[in-house]
1. Over segment 2-272, calculate the relative contact order: mean separation of alpha carbon pairs under 8 Å at least 6 apart, over the residue count, as a percent.
2. For segment 93-107, take each phi angle, set θ = phi - 60°, evaluate the Karplus expression 6.51 cos²θ - 1.76 cosθ + 1.60, and give the result in whole Hz per residue in order, putting x for glycine and proline.
3. Could you sort out which of Lys166/Lys235; Lys72/Lys140; Lys72/Lys235; Lys72/Lys111; Lys140/Lys241 sit more than 25 Å apart by Cα distance in this structure?
4. Name the long-range amide H neighbours of Thr178: under 5 Å, sequence gap of 5 or more, or other chain; modelled H, no Pro or chain starts.
5. Report the gain in length on full extension from Arg245 to Ile210: 0.36 nm times residue separation, minus Cα-Cα distance, nm rounded to one decimal.
6. Take Phe26, Phe238 and order them by how many other Cβ atoms sit within 10 Å, fewest up front.
7. What FRET efficiency, computed as 1/(1 + (r/R0)^6) with R0 = 22 Å and r the Cβ-Cβ distance, is obtained for Met138 and Met63, rounded to the nearest 0.05?
8. Could you work out the relative contact order of segment 184-256? I mean the mean sequence separation of Cα pairs under 8 Å and 6+ apart, divided by the number of residues, in percent.
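Bear in mind that the values in this text are calculations on the coordinates, not laboratory data. The structure presented is a predicted model; accordingly, all values stated were derived computationally and were not measured. In this analysis, Cβ positions are derived from the backbone assuming ideal geometry, glycine residues included, and neighbour counts consider all displayed protein chains.
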Amino acid sequence: MKKRVLAGLTVILIVLLAFVLPVQYFYILFFILALLCCHEYMNMLETSGIRPLRIIGYIWTGMFTMLLFNIKYGIVGTTGLSGGYEVMLAATLLLMTLATASVFSRNHDLKSAVHTFFGCIYTVFLLGFAVLIIELPMGKWLLGYVILGGVATDTFSYFTGYFFGKKKIVPSISPAKTVEGSIGGYIGSVLVILVYTLIMKAMAGWIPPIPAVLFIMLVSGAAAQVGDWVASYIKRHFGIKDFGRLIPGHGGMLDRIDSIIFLAPLIYLVLII
């Protein structure tokens, strides 16, 4: 437990550093995190006997980061498309590239392409919504909803389940998760987001519209747990315990942010509607 707490505090300190730096530096942090997550996913595929198209996945991670940067700052020029269409175009081009590579490669097949494509979408594309959030007005404060929603859910779920957990909630996916832990994680997420909103109001003098705050408060705990369950299902399917060993007590980077991956696109959609 001590390692888990220390590792969690280390991740929070890294995130706080990103909040202090100018927004442009967040793209560097995103690229590093996305590349690490993509690498861990590719390692998992290779361990299970699937030969992923690693180089294409890594290159696309960099191209996707540059695309997100260009959508906001227009370094290369504009295409006449909105940001959402450009991102979808990038994902489509990735699928076409992977499918084509699998046809002409002796070491890969369509199965390799499909798994690589899903891995890139799961580890890079969905996480990219965090970048779109931070570029919104008051974006750094808004990104706090994503980070705190995921961290609070994970933390309260763990400790509530550790001390009070009895009834299994998804034993076929993750035997350690309990109903009591799930309820504790949800309640903890609601309370943390409420307190964070009050702090935002006091320090920044602004909060999102009340309906958006209420929606975020009510769904974050559930969405974060779904993200965690999906990650657990993937790991169980491929026969691994953790995606990696980067963070003591937490496994890999992807193990640490699995709940955030589902929260980022959901909260972004809420904020722009």
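1. Normalised by residue count, the contact order of segment 2-272 is 22 percent.
2. 3J(HN,Hα) across segment 93-107, in whole Hz: 5, 4, 4, 5, 5, 5, 4, 5, 4, 5, 5, 9, 9, 7, 9.
3. Lys72/Lys235; Lys72/Lys111; Lys140/Lys241, as the Cα separations exceed 25 Å there.
4. Answer set, sorted by chain and number: Ile169.
5. 8.6 nm
6. Ranked by crowding around the Cβ, least crowded first: Phe238, Phe26.
7. That pair, Met138 with Met63, gives E of 0.15.
8. 23
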